[in-house]
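Chemist: The structure's right below; bear with me while I get my questions together.
Here, each number is a calculation from the coordinates, and none is a lab measurement. Just so it is clear, the model here is predicted, and its values are computed rather than measured. Quick reminder, even Gly has a Cβ in these numbers, built from the backbone with ideal geometry, and neighbours come from all protein chains shown.
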């Protein structure tokens with residue numbers, strides 16, 4: 001679909017509920033109807049030390065283990081710096097349990 005000269009991605013074509021979809025990208029410009037499904041990562045510049053995709057894995061694995069609306073989980077940790085916020089929360093929970 002073309003909107004204002006930009007090709008956009010419409011999740012309704014996936015044939016599954018939008019609350020089950022997570023979209024990773026460096027911009028949400030191509031998903032104007034589904035921004036709440038989007039986790040923003042830094043744009044990859046070819047740096048071999050870039051760990052953004054690796055760092056987001058624990059969050060994605062956590063979401064895959066529990067049913068529910070992915071958009072609510074994304075909102076809990078934010079669309080930006082999601083991995084960092086999720087990992088901080090996990091460390092805080094672990095510290096509480098270990099006390």
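Chemist: Which ones in the range 13-54 are surrounded by fewer than 11 Cβ atoms within 10 Å (Cβ to Cβ) and outside any loop (DSSP other than H, G, I, E, B)?
Modeler: 13, 54
Chemist: Just to be sure before I move on: is residue 67 farther than 19 Å from residue 8 by Cβ and not in a loop (DSSP other than H, G, I, E, B) in the structure I sent?
Modeler: no
Chemist: I'm trying to understand the selection: among the residues of the range 74-85, which are under 14 Å from residue 24 (Cβ atoms) and assigned to a helix (DSSP H, G or I)?
Modeler: Once the filter is applied, which keeps residues that are under 14 Å from residue 24 (Cβ atoms) and assigned to a helix (DSSP H, G or I), the range 74-85 yields 74, 77, 82, 83.
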